[in-house]
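Here is the structure we will look at.
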Amino acid sequence: MAQPPPRKFNRNKNGVITDNLIIKGNNLLVLHSLKKEFANRVKLIYIDPPYNTGNDSFKYNDNFNHATWLTFMKNRLEVAKQLLRNDGVIFVQISNTSSSIKESPEIGYLQVLLDEIFGRKNYISIITWKKKGNPSNTDGALGTITESILFYAKNSDTIKAIIEYYKREYKYTDEHGDYNLELPLKTDEGDYKRESMKFEINTSKGKFTPPIGKRWTYGEVVIKDIINQSKFTIVNDKFYIKKYREDYSLGDNKRKNNLLLDCGSLKSAKNHLSALGFNREEFDTPKPEELIKEIIEIATQPSDIVLDFHLGSGTTATVAHKMNRQYIGIEQMDYIETIAVERLKKVIEGEQGGISKAVKWKGGGNFIYLELKKYNENFIECIQKAKTKDDILEIWQNIKEKSFINYNLDIKAQDENSVEFKKLSLDEQKRHLCEILDKNQLYVNLSSLNDKEFECSDEEKEITKAFYKTYEG
Ligand SMILES: C[S@@+](CC[C@H](N)C(=O)[O-])C[C@H]1O[C@@H](n2cnc3c(N)ncnc32)[C@H](O)[C@@H]1O
């Protein structure tokens, strides 16, 4: 008889999971695992990966060499692209500096990589985020008060509604909505002359001529469109454009302006985490909720799926949660449980820091926490934690009995060479043991779910079948 499907996940009418997911594990494997369920479903990817700045005070590895870092990014960005919807977009945050004055930073290489994977035509913009007010003593002569966010679309022809955000500091709000200020209608003659900009505006309030010699920020075609559709208002002789999210297609009218975001700071983000009771020692590189809110506003509508596969302290997930977007967050370090998950629980209880007041957050909602089931990864973690050569010998005994070892390794020969092995330094021994483990077996494969050797519990089997919809019957 057919088994009733396990009811672990909520799904929409197309059968796609609608629960928020927080997933622990290596992001490359998690991204591949998500393909079956979420390919072409994600509207926004935001990532803040290790910058390869050589700053090894990070708990995770931010000290790759250049080629390894690029390969790391390439492998992940390629599969990430498959998860994006046709009108999906990706934002990748990156430092403008490198650790060494002898080397240029990764930002240029990252842009070329994104060009290669997404196509040059799908470049939208580079956003600059002001992360602090003044350079600190350690920042060097030129200082580093900004970081960049590279912004690409899967298909730029489908992207709408970006340009409204480029002038949002000049805002006017009335009962009809939010407006952004265009150039004042009455102004002194400027020194910027463009004949094509001189056209008249006919409104119910009369005839207006734009400032002589001044340039419209949006250009004649767009302004005429705004006027024809009455998407403007005039207040104190100033011309305001209504903030419509679906007005313009970048495909026809590409505006690849660069945007400066001055919202939140590194310091405010760290203070927020401390105020929530989290230990700064455990995680020290969060981004502020205000920054992620801007990005989520630029790129998504409520219920759209937002993905961050370098989740860190969980900022993207908390902002998406407070803004009623569906989200998937991935992180490999243990602080996903002690910080990101705990932070989200506070959000559900109605936490009032970060963007809560701005979005009138009252609490509620939920998420599902999942882990990739480790196999060889367990051995790698033990190796990394080992403090003495005796620990390493003990781990080797375990590895021999229980792990998957590279098929070309002769275990007997390894034991026979144990005298040589003992002469290696602790670090060399660690490296050697990591090398001999089969990296295809870091986590338990779906096909091995029922294999006794992997000791999967009934609950693990059930949730896996529910995720992949592989229940019997
Ligand atoms: C700069 S932090 C992200 C901070 C985050 N934006 C926040 O606001 O808290 C980068 C994160 O990527 C994670 N990471 C690096 N490599 C990873 C991998 N292969 N799989 C999963 N997570 C990874 C690191 O552990 C780290 O937490």
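Pairs exceeding 21 Å between alpha-carbon atoms, taken from LYS267/LYS293; LYS8/LYS439; LYS400/LYS430; LYS130/LYS231; LYS35/LYS461: LYS8/LYS439; LYS130/LYS231. What translational diffusion coefficient, in µm²/s and rounded to a whole number, does the Stokes-Einstein relation yield for region 333-374 at 20 °C and a viscosity of 1.002 mPa s, taking the hydrodynamic radius as the Kirkwood radius over Cα pairs? Translational diffusion coefficient: 187 µm²/s.
Considering only PHE404, THR285, PHE379, and ranking their Cα positions along the charge dipole of region 284-418 that arises from unit charges at the beta-carbon of Lys, Arg, Asp and Glu, the one farthest toward the positive end is THR285.
Peptides 339-346, 322-329 ranked from most to least packed give 322-329, 339-346, packing being the mean of other C-beta atoms within 10 angstrom over each peptide's residues. Here ARG11 and LYS121 are evaluated by their C-beta separation; at R0 = 56 Å the FRET efficiency comes out at 0.95.
Over region 376-442, what number does the Rg to Rh ratio reach, with both radii from the alpha-carbon atoms and Rh per Kirkwood? Taking Rg over the Kirkwood Rh, I get 0.92. With a Förster radius of 45 Å applied to the beta-carbon distance between LYS412 and ALA358, the computed FRET efficiency rounds to 0.10.
Report the extension gain between ASP19 and SER230 in nm, rounded to one decimal, defined as 0.36 nm multiplied by the number of residues separating them, less their alpha carbon distance. All intermediate terms of the calculation are to be shown ahead of the outcome.
Working: separation 211, 0.36 × 211 = 75.96 nm, distance 3.96 nm.
Difference between extended and current length: 72.0 nm.
Subtracting the Cα-Cα distance of THR71 and LYS400 from their residue separation scaled by 0.36 nm leaves 115.4 nm. Among residues other than VAL42 with Cβ under 12 Å from its Cβ, the summed charge is +3 (Lys and Arg +1, Asp and Glu -1). Summarising the label geometry, the points placed 7 Å from Cα in the beta-carbon direction at ASN86 and LYS345 lie 4.3 nm from one another.
Per residue, how much accessible area does region 376-442 show when a 1.4 Å probe rolls over the protein heavy atoms, in square angstrom?
Values: 4380 Å² over 67 residues.
Counting only protein heavy atoms, the per-residue value for region 376-442 is 65 Å².
On full extension, the segment bounded by ASP262 and LYS389 gains 40.7 nm, given 0.36 nm per residue less the C-alpha separation.
The values are calculated or read from the model by the stated rules, or taken from the named source; none is laboratory data. No experiment lies behind these values; they were computed from the predicted model shown. Every residue, glycine as well, gets a Cβ built from its backbone with ideal geometry; the counts of neighbours run over all protein chains shown. To get the accessible areas, we keep the full protein, side chains included, count just its heavy atoms, and leave off ligands, DNA and RNA. Shrake-Rupley method; radii C 1.70, N 1.55, O 1.52, S 1.80 Å.
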